[in-house]
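Enquirer: Quick one: structure below, then a few questions.
The values are calculated or read from the model by the stated rules, or taken from the named source; none is laboratory data. Since the structure is predicted, the reported quantities are computational estimates derived from the model, not experimental observations. So basically every Cβ, Gly included, is an ideal-geometry build from the backbone, and we count neighbours across all protein chains shown.
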Amino acid sequence: MCKDGEGFGCRLAWRQSQEDLMAKSWSPHRLTVLRRIRVATVAVAVTLASCIAFGVSTRKAVALSVNGETTHVTTYATSIYALLEEQGIQVKTHDIVTSDSPDGLVDHATITVNSAYQTTISIDGQEVPFWTVADSAEQLIGFFEANNVDASRISVDINNIYNRLTGGIVINANGPVTVIADGKSSIVENGNLPAASILDAKGITLGKEDRVSVHKDGTTTILRVERVTHDQIEEHEPIAYQTRTIVDPTLQPGQTRVEQPGVEGERTTTYRVTYVDGHEENRTVLSQQITKTPIDAIVAIGPEPEPEPEPSPSASDNTSGDNGDNSNSNDTAEADGNGTDTGNTQSSTGENNTDDNNDGTSNTPDGDDQDNPSPQATPTPSQSATSAPEPSASPSATTKPTPTPTPTQTATPKPTPTTPAKPTPTPQPQPQPSDPDAQARAGSRLFRPSVSAAQAYAAGAAAQRGWTGKNWSDLVQLWNHESGWRWNAQNPTSPAYGIPQCYFPENMAAYGKYYRDDAAAQIDWGLAYIAGRADYGSPSKAWQLWQSRNPHWY
């Protein structure tokens, strides 16, 4: 630019330079570059504004309560568990994490973390280890009452490692406690104390195995002490003897005689007996032995009676003719097997013929000769020479008397030798069959329960998560449809198993090694699964989604 006093030439030169500059500024290339710079600047500004807006919207001020200690924190975490990880808070399997907002982690929400500890409850008389976050035994029983479980079905055993290390949970934070011990009853007005403090105040000393439990009788909270003692006893039971028989030929049939009387044996069993308040609870076999061996009874009996002998067969043929001819045949069977046939015939002319045959043959009785006539035997020369007329006093045929049959000899039975009695071997105790489920039974908290017991357990576990009323009734319906509350329910079309129908059953192992038999592990996993799903968060939401899906699942 020209200064004052400079001539026209200076002003002309300045104008020319301005024109040249304008020409360069509005060139096509220059315009493109400038446009790109403007677009980039706007993009950066929008991104920066979005980041600032996102940061402002995700910034949350929340109250974090861990086991009753509350702190206020500011976080940009997007989930509750991300917040806990950010704050270095370790959450274990059975711990319970809740939010007072149904949307989870939001600004001004209160996040509560309660560390669970294990106590022992009794459901219908069955002892069940139970993870709880209750502040008192009264509150723990109240969890079950909140979901309409009769309090008389539930009692709390506070003899566990948690109570020994911490002095125990308080018995009743809101009122008096009735103490029953050694047959006496007394009332402690301040129940907001651990059991140890209450018992100390009453001068009650606990033995190593004594039991302390809390239960409710109507509106009364009862702290009960049960004395546990042991004793070793012996019991004797008889062992029956056996009876053996032998045959004695010197006895008459049916007659008996006791050769050796039987003597019962004796088995001695030693037991270890557990008594609770003086009443026997159970007993365990320590040893078993045979202290007296049984002696068998030996009874002699007479032999069986012999059968009656059958009569020997005899044969005779008598034939009479109308013309006066008479014929008699006599057959005699000798003991040596020789037969003699004698035939006497007298004709009307008075001639007599006698034939004696000693050839060992006999006539067949019963008229067989009439049907099959045998040829007459031809007399031998000796027979002809010695034949003589047989003197006969009368013309009638003379019948020889039938010889008396020789009586059959009865064989005398040989005496049966007496077998000496063998000593009865000492009976050995039979080994008891092993229980294939013993390991799973010992390792499970709620081993193969009934539907009623499973629902009672779930009622308390759900109530301490705040799921009562409609949430509880919806949970009952949900698992009724899924498994019928059966611990061994197996889906026929998928690997889903158990009361909550876990699709990958091995995931339940984090809550119990024997999850296939342990309903407590299944229920605890199912409740944690519902609570941890972002689209569920409660049984009522899970039930709504289950109904909206076809096929139904959650």
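Enquirer: One residue is enough: does region 193-202 have a residue meeting the conditions assigned to a loop (DSSP other than H, G, I, E, B) and more than 22 Å from Asp135 (Cβ to Cβ)?
Expert: Yes - at least one qualifying residue is present in region 193-202.
Enquirer: In addition: Can you tell me which condition Gln501 does not meet? The list is (1) touching a residue at least 60 places away in the same chain (Cβ under 8 Å); (2) in contact with an Asp or Glu (Cβ under 7 Å, 6 or more places away or on another chain), and all the others hold.
Expert: Against the list (1) touching a residue at least 60 places away in the same chain (Cβ under 8 Å); (2) in contact with an Asp or Glu (Cβ under 7 Å, 6 or more places away or on another chain), Gln501 comes up short only on (1).
Enquirer: Return a yes/no flag: does region 509-517 have any residue that is in contact (Cβ under 8 Å) with a residue 24 or more places away in the chain, surrounded by 14 or more Cβ atoms within 10 Å (Cβ to Cβ) and closer than 24 Å to Asn147 by Cβ.
Expert: Yes, some residue in region 509-517 is in contact (Cβ under 8 Å) with a residue 24 or more places away in the chain, surrounded by 14 or more Cβ atoms within 10 Å (Cβ to Cβ) and closer than 24 Å to Asn147 by Cβ.
Enquirer: Right, another one. Which members of region 244-260 meet the condition of being in a strand (DSSP E or B) and surrounded by fewer than 12 Cβ atoms within 10 Å (Cβ to Cβ)?
Expert: Across region 244-260, the qualifying residue is only Val258.
Enquirer: Only one residue in Trp467, Trp479, Trp487 is crowded, with 23+ Cβ neighbours inside 10 Å, more than 27 Å from Asn114 (Cα to Cα) and aromatic (Phe, Trp, Tyr), so which one is that?
Expert: Trp487
Enquirer: Moving on. Collect the residues in region 439-489 that are over 17 Å from Val149 (Cβ atoms) and of a type in the set (A, V, I, L, M, F, W, C), keeping them in residue-number order.
Expert: Within region 439-489, Ala440, Ala442, Phe447, Leu478, Trp487, Ala489 qualify.
Enquirer: So, Glu234, is that one surrounded by 12 or more Cβ atoms within 10 Å (Cβ to Cβ), part of a strand (DSSP E or B) and assigned by TED's automatic domain parsing to the domain that holds Val285 or not?
Expert: So Glu234 does not fit the description; no.
Enquirer: Suppose the filter is part of a strand (DSSP E or B) and among the β-branched types (Val, Ile, Thr); does Ile222 pass it? Walk me through how you get there before you give the answer.
Expert: On the way: part of a strand (DSSP E or B): yes; among the β-branched types (Val, Ile, Thr): yes.
Yes: the conditions hold for Ile222.
Enquirer: Report whether or not Gln501 is within 15 Å of His94 (Cβ to Cβ) and polar (S, T, N, Q).
Expert: No, not satisfied.
Enquirer: Taking only region 59-85 into account, find how many residues are in contact with a Gly (Cβ under 8 Å, 6 or more places away or on another chain) and surrounded by fewer than 16 Cβ atoms within 10 Å (Cβ to Cβ).
Expert: Summing the residues that are in contact with a Gly (Cβ under 8 Å, 6 or more places away or on another chain) and surrounded by fewer than 16 Cβ atoms within 10 Å (Cβ to Cβ) in region 59-85 gives 2.
Enquirer: Name the single residue, out of those in region 261-309 being of a type in the set (Lys, Arg) and within 12 Å of Asp231 (Cβ to Cβ), that is surrounded by the most Cβ atoms within 10 Å (Cβ to Cβ). Walk me through how you get there before you give the answer.
Expert: At the first step, the residues of region 261-309 found to be of a type in the set (Lys, Arg) are 267, 272, 283, 292.
Next, only the ones that are within 12 Å of Asp231 (Cβ to Cβ) stay: 272, 283.
On the way: Arg272: 13, Arg283: 17.
Filtering first and then ranking leaves Arg283.
Enquirer: When the residues of region 86-105 are narrowed to those that are surrounded by 13 or more Cβ atoms within 10 Å (Cβ to Cβ) and more than 22 Å from Tyr536 (Cα to Cα), which ends up nearest to the chain's Cα centre (by Cα)?
Expert: So, considering only residues that are surrounded by 13 or more Cβ atoms within 10 Å (Cβ to Cβ) and more than 22 Å from Tyr536 (Cα to Cα), the one nearest to the chain's Cα centre (by Cα) is Ile89.
Enquirer: Pick out the one residue from Thr221, Thr250 that is touching a Pro at 6+ places or on another chain (Cβ under 9 Å) and not assigned by TED's automatic domain parsing to the domain that holds Thr132. Give the steps one after another, and end with the answer.
Expert: On the way: Thr221 fails: not assigned by TED's automatic domain parsing to the domain that holds Thr132.
One residue alone meets the criteria, Thr250.
Enquirer: Pick from region 85-124 the residues that are over 22 Å from Ser136 (Cβ atoms), touching a helix residue (DSSP H, G or I) at 6+ places or on another chain (Cβ under 7 Å) and of a type in the set (A, V, I, L, M): which of them is modelled with the lowest pLDDT?
Expert: Per the stated criteria, the residue is Leu105.
Enquirer: If you don't mind, there's one more thing I want to ask. Confirm whether Ala531 is among the small types (Gly, Ala, Ser), over 29 Å from the mean Cα position of the chain (by Cα) and surrounded by fewer than 20 Cβ atoms within 10 Å (Cβ to Cβ).
Expert: So Ala531 fits the description; yes.
Enquirer: Determine if region 203-210 includes at least one residue that is of a type outside the set (Lys, Arg) and in a strand (DSSP E or B).
Expert: No, there is no match, as no residue in region 203-210 is of a type outside the set (Lys, Arg) and in a strand (DSSP E or B).
Enquirer: So Val56 passes all but one of these: (1) surrounded by 10 or more Cβ atoms within 10 Å (Cβ to Cβ); (2) modelled with pLDDT under 80. Which condition number does it fail?
Expert: So the condition that Val56 fails would be (1).
Enquirer: Further, regarding this structure: Out of the residues in region 198-220 meeting the condition of being of a type in the set (Ser, Thr, Tyr) and within 27 Å of Asp150 (Cβ to Cβ), tell me which one is surrounded by the most Cβ atoms within 10 Å (Cβ to Cβ). Working first, answer last.
Expert: Start the filter on region 198-220 by keeping residues that are of a type in the set (Ser, Thr, Tyr), which leaves 205, 213, 219-220.
Filter once more, keeping what is within 27 Å of Asp150 (Cβ to Cβ): 213, 219-220.
On the way: Ser213: 19, Thr219: 7, Thr220: 13.
Filtering region 198-220 for residues that are of a type in the set (Ser, Thr, Tyr) and within 27 Å of Asp150 (Cβ to Cβ), the one surrounded by the most Cβ atoms within 10 Å (Cβ to Cβ) comes out as Ser213.
Enquirer: Collect the residues in region 526-540 that are assigned to a helix (DSSP H, G or I) and either modelled with pLDDT under 95 or more than 14 Å from Tyr554 (Cα to Cα) (or both), keeping them in residue-number order.
Expert: Ala531, Gly532
Enquirer: Determine whether region 181-197 contains at least one residue that is buried (at least 20 other Cβ atoms within 10 Å of the Cβ), at pLDDT below 90 and within 41 Å of the chain's Cα centre (by Cα).
Expert: The answer is yes, given that some residue of region 181-197 is buried (at least 20 other Cβ atoms within 10 Å of the Cβ), at pLDDT below 90 and within 41 Å of the chain's Cα centre (by Cα).
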